[in-house]
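K.L.:
Would you mind keeping the following structure in view while I ask a few things?
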Amino acid sequence: MSRCGREAERRILRLLHGHSTRTCLTQIHAHCLRHNLYQSNQLLAHFVSVCGALNKMPYARLVFLQTQNPNILLFNSMIKGYSVSGPFEESLHLFSLMKNRGIWPDNFTFAPLLKSCSNLCDINLGRGVHAQILTVGFESHSSIRIGLIEFYTTCERMRDAKQVFDAMPQRDVVSWNLMIHGFCKRGDVEMGFHLFRQMSERSVVSWNSMIASLAQSGREFEALDLFCEMWDNGFNPDEATVVTVLPVCARLGAFDVGRWIHNFSDTSGLSRDVISVGNSLIDFYCKCGDLETARKIFNEMPRKNVVSWNAMISGLTFNGRGELGVEMFEEMKREGVDPDNSSFIGVIACCTHAGLVQRGQELFDSMIVKHEIKPKLEHYGCMVDLLGRSGCVKEAHCLLRSMPMRPNAALWGALLSACRTHGDLELAECAAKELINLEPWNSGNYVLLSNIYAEVGRWDEVEKRLSSLNCIKKKKMERKSCFSGTGNVSSPTVKTLTTSKKEGVIVKPDIIEKEVVQEAKGNQITSGTGAVIVPKIEEKASVSLKKEAPARVNVRSTYCGCGCGCGGNV
């Protein structure tokens with residue numbers, strides 16, 4: 001290549017890695033053609049890499065097909081580009097083409113191939129690539145080992161992943177993180193936690209992965225403890241940490257911890273620069289009942305997305321400010337933000353709590369017609385709750401029957417609650433039977449139906465349902481864990497659930513039920529309180545992490561059935 005050609009190539013390389021590459025890609029390619037550099041494999045490999053990063057692989061393919069003699073460097077760039085932006089199958093097709101042309105793969109070929117197999121989650125393709133790695137002898141390369149671990153953990157083949165991991169002479173933090181994530185994803189949080197404790201060096205990703213896994217598995221106190229340990233070990237929270245820990249703080253009522261995270265986010269600039277952090281803060285303060293701070297954060301956000309608006313709308317619903325939620329939805333549209341699925345779930349729930357039945361119906365219709373959003377179960381749940389609370393139980397029933405998908409137990413449960421509240425016992429019986437058909441194992445459904453029959457004095461039907469209830473109890477060998485008086489957790493057996501010992505006398509549940517039924521017959525309960533068989537749990541509260549810390553208590557009313565988590569009262 002002449003001196004002039006080398007200078008042109010260097011200039012093109014600078015252009016490729018400049019800030020305006022996305023808008024100037026075709027011009028850069030024209031520059032290559034003008035300087036007769038369209039057959040330079042090195043330059044084209046850089047060009048293809050940039051195309052992959054910009055998700056422009058069809059253009060890269062055109063350039064590749066015009067190259068007369070592509071070498072291993074250009075093939076690797078194409079394979080890597082497809083492994084990042086897809087279609088992932090093309091990486092494997094190019095690998096076959098490369099071998100057919102007699103080009104031998106190198107250690108840079110297999111890592112993106114494994115990435116494509118991971119994205120496809122195809123165990124057979126991945127095993128085939130692994131076999132070829134062993135054939136050519138590249139299994140000792142660190143990037144290939146990490147690719148193998150990522151592939152096997154993605155496919156949840158943890159035994160194979162562990163074999164590769166155990167064979168590594170030196171394990172870096174990336175391989176540890178992949179193994180921890182793989183075990184936790186599979187549901188084996190204990191094994192993931194065991195590996196986490198074995199790590200000699202951890203990264204923020206390690207802490208985030210373990211905290212998130214503990215939180216998702218319901219071990220929220222441990223997740224918050226691990227977050228405090230992370231800080232004590234000198235690791236600063238990043239965006240993923242904040243987004244993971246704030247919902248935990250909201251659920252546990254750890255208001256002071258959440259406020260500390262807020263102060264840290266302000267100091268570090270996360271709340272200003274990262275939209276997801278601002279959204280999480282809004283959600284946290286709304287769930288803690290501090291709407292003033294939530295609105296202040298929302299107003300001060302330099303950039304907002306639809307999730308930001310949804311967080312405020314749902315937060316207003318959560319706190320019973322339905323009319324303000326509807327106003328915010330209208331404000332969102334005026335700002336030019338298109339509502340999504342979650343937006344309509346939130347705003348219809350707002351209409352439910354504000355009693356805006358007609359407005360809720362209009363919004364539901366506009367979602368389908370104007371915004372072309374297909375309603376999901378959650379949307380139907382909100383509408384059933386909206387119609388049911390206003391006494392339009394027959395309309396709610398018609399809506400359930402017209403659904404394109406089968407209504408689930410939550411929807412029938414919402415209708416049942418509305419029917420009992422408004423005294424439509426015939427429709428309540430229909431809803432209860434649908435519930436039993438969907439969940440024949442759920443004893444609570446039999447109790448609900450027994451209550452309905454008791455309210456109208458049909459005691460023979462009550463006896464039948466109680467007999468069915470006893471059959472279910474006998475099939476269940478163990479129940480969920482319960483808390484003893486000392487705070488220790490004990491796993492009750494069938495014996496502890498089917499007997500009640502008091503002063504040396506064992507009372508069987510069927511005797512208790514018969515006594516309750518007889519008492520109900522005498523009292524002729526006709527109200528919709530549902531107090532015939534079991535007491536109704538009205539409220540539950542979450543407490544702070546430490547005993548000495550002040551708790552921000554989140555009081556949740558009975559589930560409304562709308563699916564938005566608003567905690568509405570039925």
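The values are calculated or read from the model by the stated rules, or taken from the named source; none is laboratory data. In this text, all values refer to a predicted model and were calculated from it rather than measured experimentally. Every residue, glycine among them, receives a Cβ derived from its backbone with ideal geometry; neighbour counts consider all protein chains shown.
Here's the yes/no breakdown for (1) among the aliphatic types (A, V, I, L, M); (2) surrounded by 21 or more Cβ atoms within 10 Å (Cβ to Cβ); (3) part of a helix (DSSP H, G or I); (4) touching a helix residue (DSSP H, G or I) at 6+ places or on another chain (Cβ under 9 Å):
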{"position": "Phe95", "(1), (2), (3), (4)": "no, yes, yes, yes"}
{"position": "Asn107", "(1), (2), (3), (4)": "no, no, no, yes"}
{"position": "Ser116", "(1), (2), (3), (4)": "no, yes, yes, yes"}
{"position": "Gly126", "(1), (2), (3), (4)": "no, yes, yes, yes"}
{"position": "Thr135", "(1), (2), (3), (4)": "no, no, yes, no"}
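K.L.:
Okay, moving on. Restricting the stretch 339-372 to residues that are surrounded by fewer than 17 Cβ atoms within 10 Å (Cβ to Cβ) and among the aliphatic types (A, V, I, L, M), which is nearest to Gly391 (Cα to Cα)?
P.N.:
Out of the qualifying residues, it is Ile368.
K.L.:
Can you report the number of residues in the stretch 227-242 which are of a type in the set (A, V, I, L, M, F, W, C) and surrounded by 21 or more Cβ atoms within 10 Å (Cβ to Cβ)?
P.N.:
3
K.L.:
In the stretch 93-119, how many are aliphatic (A, V, I, L, M) and touching an Asp or Glu at 6+ places or on another chain (Cβ under 9 Å)?
P.N.:
So the answer is 1.
K.L.:
Follow-up. Wholly within the stretch 244-310, which helices (runs of 4 or more DSSP H) include no fewer than the required count, namely at least 2 residues that are farther than 19 Å from Gly320 by Cα and in contact with a strand residue (DSSP E or B) (Cβ under 8 Å, 6 or more places away or on another chain)?
P.N.:
Fully inside the stretch 244-310 and qualifying: nothing.
K.L.:
Hey, another quick one. Of everything in the stretch 437-484, what is assigned to a loop (DSSP other than H, G, I, E, B), modelled with pLDDT under 70 and in contact with a helix residue (DSSP H, G or I) (Cβ under 7 Å, 6 or more places away or on another chain)? Give them in sequence order.
P.N.:
Those that are assigned to a loop (DSSP other than H, G, I, E, B), modelled with pLDDT under 70 and in contact with a helix residue (DSSP H, G or I) (Cβ under 7 Å, 6 or more places away or on another chain): Met477, Arg479.
K.L.:
I need a count of the residues in the stretch 51-62 that are surrounded by fewer than 23 Cβ atoms within 10 Å (Cβ to Cβ) and touching a helix residue (DSSP H, G or I) at 6+ places or on another chain (Cβ under 6 Å).
P.N.:
Result for the stretch 51-62: 4.
K.L.:
For the stretch 217-269, how many residues meet the condition of being closer than 25 Å to His194 by Cα and small (Gly, Ala, Ser)?
P.N.:
5
K.L.:
Within the stretch 229-243, count every residue that is part of a helix (DSSP H, G or I) and within 22 Å of Met301 (Cβ to Cβ).
P.N.:
Number of matching residues: 5.
K.L.:
Another one. Could you check the stretch 166-202 and list, in sequence order, the residues that are surrounded by 15 or more Cβ atoms within 10 Å (Cβ to Cβ), more than 17 Å from Ser140 (Cα to Cα) and of a type in the set (S, T, N, Q)?
P.N.:
Asn177
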